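Asker: One structure coming up, written as structure tokens, with questions to follow.
The values are calculated or read from the model by the stated rules, or taken from the named source; none is laboratory data. Quantities reported herein were computed from a predicted structural model and do not represent experimental measurements. Here the Cβ positions follow ideal geometry from the backbone for every residue, glycine too, while neighbour counts run over all protein chains shown.
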Amino acid sequence: MNNDGQLMRRGFLGDVSTGLAGIGLAHLIGRDLCAADVTRTPGRNQTHFPAKVQRVLQIFCPGAASHMDLWEHKPTLDKLHDQPMPGEEDLVSFQGRNGALMKSPWPFAPAGESGKMISSMLPHMSQHADDIAFIHSMTTQTNTHGPGCVFMNTGHATEGFPSTGAWMSHALGSANENLPTYVAITDLRGEPPNGKANWSNGFLAAQHQGIMLSSQHPIRNLKRPAVVSAKEEQASRELLAFLNQRHVELNPGQSELQARIAAYELAARMQRSAPEVSDLASESATVHQAYGTNDSNDLKAAYAKNCLLSRRLLERGVRYVNLYCASRASGVDGLLNWDAHKTLKSDYERHCPIFDQPTAALLTDLKRTGLLDDTLILWTTEFGRMPTRQEGTSGRDHNPDGFTCWMMGAGIRGGTSYGATDEFGRRAAEDVTTVWDFYATVLHLLGFDHERLTWYHNGLNQRLTNVHGNVIEKILA
């Protein structure tokens, strides 16, 4: 204003520019402070009781991988192959009428000191049988792939709920501020059924959603725009540093704002850390050979690179990694994922070699480096398959009534098998287990009471395990 109290043009424009910057900063600060609030239950980096697990790797095979063809041997199917299933001769399931019982196309063989029977299609994974706790009595609430995948990841069959990784991010916060807390590594073939809902933050703050990353598709928007030179970017950083330092000097008592400025500087450091963790070329030739990253099968090589990327993320403090092997359904059953409705033998002879060696190498690497001592490994799929063949095919239909998942690593009693399906593999018959029991156990190993880890939303104290779940004590070390 001039001496008469009138607003001067130059001063007005100067104040407007400063004000707009303040509005932008206030928006960012407000958003971040709100986000910070949600991490205070039960307390950032605080658990209900001592934790055995610091990080989780969840390997997911979308398409409903068949339990009786991979993990749970059913000799009765060998004996009664091509005969009707007693009591369900006229069974109609997800895609229609079922035919006769069908044995696995491949023999099973004993593995490890435990003698666990595992499919001969998984020779590398068999080497880890004594470290794995198999849960053969899993059940789910849906027989449709999209809702099944979401249910297996979030504990709810409908979208809009936080995934397990989001809950972990919310409860524990970051172990490495230079990298995301939660990463979802998608397969070269594409996203799983229902896509990003599988790693959603749901009603938790957006900062808890999974960050998509893979060896083929690094984090986007990290590279400097082509129109901005390295010299210009450096000059911008120096100017910003000068302004931040000037602010500190002029406002020595405003510690909260100083901390927030430091947080944005940390985000910039994260931009420079992400490319380094994705640089697989720094690994030795021996490691690449063990994983199979240079395999002539492009799909296997791509998945192997994602396995190696998973290890690099975990060892750098990423809390939760979702690693997908296969993707969405396709017009040809079993082509892009484990959904073998028509031609199970040829489908699994395509998928098993992609999965077997790279996954086993990842588990070996985690054990070799000592990471397995405080890392929990989960292997999951959305449901199982029928013991019968679909009428007129050599494939199996969906089966939500019995399937296998497993755990390995910190706090797990390896070389064990918990529960079982009936003699045909049709239904969970012993120690019937739910997805909620599975995650109640995961949270227990992370140091949380699944009934107390909640977030108030839509009038309810929501939780990962809904209103269900019991810890599976028999698989704990």
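Asker: For the stretch 314-333: of the residues being among the hydrophobic types (A, V, I, L, M, F, W, C) and either free of Cβ contacts under 8 Å to residues at least 40 places away in the same chain or in contact with a Ser or Thr (Cβ under 8 Å, 6 or more places away or on another chain) (or both), which is farthest from LEU179 (Cα to Cα)?
Answerer: It comes out as VAL332.
Asker: Checking the conditions here, which among ALA166, ALA184, ALA197 is hydrophobic (A, V, I, L, M, F, W, C), crowded, with 23+ Cβ neighbours inside 10 Å, in a helix (DSSP H, G or I) and at pLDDT 95 or above?
Answerer: Sole residue among the options that is hydrophobic (A, V, I, L, M, F, W, C), crowded, with 23+ Cβ neighbours inside 10 Å, in a helix (DSSP H, G or I) and at pLDDT 95 or above: ALA166.
Asker: Tell me whether the stretch 34-46 contains one or more residues that are at pLDDT 55 or above, under 36 Å from the mean Cα position of the chain (by Cα) and either outside any helix (DSSP H, G or I) or closer than 30 Å to TYR324 by Cβ (or both).
Answerer: Yes, the conditions are met somewhere in the stretch 34-46.
Asker: Something else now. In the list ARG396, ARG389, ARG427, which residue meets the criterion of being farther than 27 Å from LEU446 by Cα and crowded, with 24+ Cβ neighbours inside 10 Å?
Answerer: Among ARG396, ARG389, ARG427, only ARG396 is farther than 27 Å from LEU446 by Cα and crowded, with 24+ Cβ neighbours inside 10 Å.
Asker: Right, something else. Filter the stretch 389-400 for residues that are outside any strand (DSSP E or B), touching a strand residue (DSSP E or B) at 6+ places or on another chain (Cβ under 6 Å) and under 17 Å from GLU72 (Cβ atoms) and give the result.
Answerer: Correct list: ARG396 only.
Asker: Another question, if that's okay. I'd like to know if the stretch 257-276 contains one or more residues that are on the phi < 0 side of the Ramachandran plot, at pLDDT 80 or above and exposed (fewer than 13 other Cβ atoms within 10 Å of the Cβ).
Answerer: yes
Asker: Out of the residues in the stretch 338-360 that are of a type outside the set (D, E, K, R) and touching a His at 6+ places or on another chain (Cβ under 8 Å), state the one that is nearest to GLY173 (Cα to Cα).
Answerer: Selected residue: THR359.
Asker: Go through the stretch 318-332 and give me each residue that's modelled with pLDDT of 95 or more and either more than 23 Å from LEU445 (Cα to Cα) or more than 13 Å from the chain's Cα centre (by Cα) (or both).
Answerer: CYS325, ALA326, SER327
Asker: While we're looking at this one, here's another question. Of the conditions (1) surrounded by 12 or more Cβ atoms within 10 Å (Cβ to Cβ); (2) assigned to a loop (DSSP other than H, G, I, E, B); (3) modelled with pLDDT of 95 or more; (4) not basic (Lys, Arg), SER296 satisfies every one except a single condition; which number is it?
Answerer: Unmet for SER296, out of (1) surrounded by 12 or more Cβ atoms within 10 Å (Cβ to Cβ); (2) assigned to a loop (DSSP other than H, G, I, E, B); (3) modelled with pLDDT of 95 or more; (4) not basic (Lys, Arg): (1).
Asker: In this structure, is THR343 surrounded by fewer than 24 Cβ atoms within 10 Å (Cβ to Cβ) and within 20 Å of the chain's Cα centre (by Cα)?
Answerer: Spelling it out, it is not the case that THR343 is surrounded by fewer than 24 Cβ atoms within 10 Å (Cβ to Cβ) and within 20 Å of the chain's Cα centre (by Cα).
Conditions tested, residue by residue: (1) hydrophobic (A, V, I, L, M, F, W, C); (2) closer than 30 Å to PHE94 by Cα.
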residue	(1), (2)
ALA285	yes, no
ASN294	no, no
LEU299	yes, yes
GLY317	no, no
CYS325	yes, yes
HIS341	no, yes
ARG350	no, yes
GLN357	no, no
ASP365	no, no
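Asker: How many residues does the stretch 412-424 hold that are touching a residue at least 60 places away in the same chain (Cβ under 8 Å), over 26 Å from the mean Cα position of the chain (by Cα) and surrounded by fewer than 19 Cβ atoms within 10 Å (Cβ to Cβ)?
Answerer: Total satisfying the criteria: 1.
Asker: Here's another thing I want to ask about it. Only residues in the stretch 142-155 that are within 15 Å of GLY384 (Cβ to Cβ) count as the first member; pair them with residues that are aromatic (Phe, Trp, Tyr) and at pLDDT below 95, Cβ under 6 angstrom, at least 6 apart or cross-chain, and list the lot.
Answerer: Final answer for the pair search is ASN143/PHE94.
Asker: Six or more apart or on different chains, Cβ atoms under 9 Å: show the pairs whose first residue is in the stretch 287-298 and within 10 Å of ILE354 (Cβ to Cβ) and whose second is surrounded by 13 or more Cβ atoms within 10 Å (Cβ to Cβ) and of a type in the set (Gly, Ala, Ser).
Answerer: GLY292/ALA301; GLY292/ALA304; GLY292/ALA361; ASP295/ALA301; ASP295/ALA304
Asker: Next up: At pLDDT 95 or above and not in a helix (DSSP H, G or I), is that true of ASN306?
Answerer: No; evaluated as a whole, the condition is false for this residue.
Asker: Additional query: Being under 26 Å from SER327 (Cα atoms), out of contact with any helix residue (DSSP H, G or I) (no Cβ under 6 Å at 6 or more places or on another chain) and in contact (Cβ under 8 Å) with a residue 40 or more places away in the chain is the filter here; which residues of the stretch 109-126 pass it?
Answerer: Scanning the stretch 109-126 gives a single hit, PRO123.
Asker: Quick check: anything in the stretch 170-183 in contact with a helix residue (DSSP H, G or I) (Cβ under 7 Å, 6 or more places away or on another chain) and over 23 Å from GLN46 (Cα atoms)?
Answerer: no
Asker: OK, next. Has the stretch 49-70 got at least one residue that is crowded, with 16+ Cβ neighbours inside 10 Å, touching a strand residue (DSSP E or B) at 6+ places or on another chain (Cβ under 8 Å), outside any loop (DSSP other than H, G, I, E, B) and β-branched (Val, Ile, Thr)?
Answerer: Yes: one or more hits.
Asker: Ok, one more. From LEU464, LEU376, LEU443, LEU453, grab the single residue that is assigned to a strand (DSSP E or B), touching a residue at least 12 places away in the same chain (Cβ under 8 Å) and either under 30 Å from PHE203 (Cα atoms) or aromatic (Phe, Trp, Tyr) (or both).
Answerer: Residue meeting the stated conditions: LEU376.
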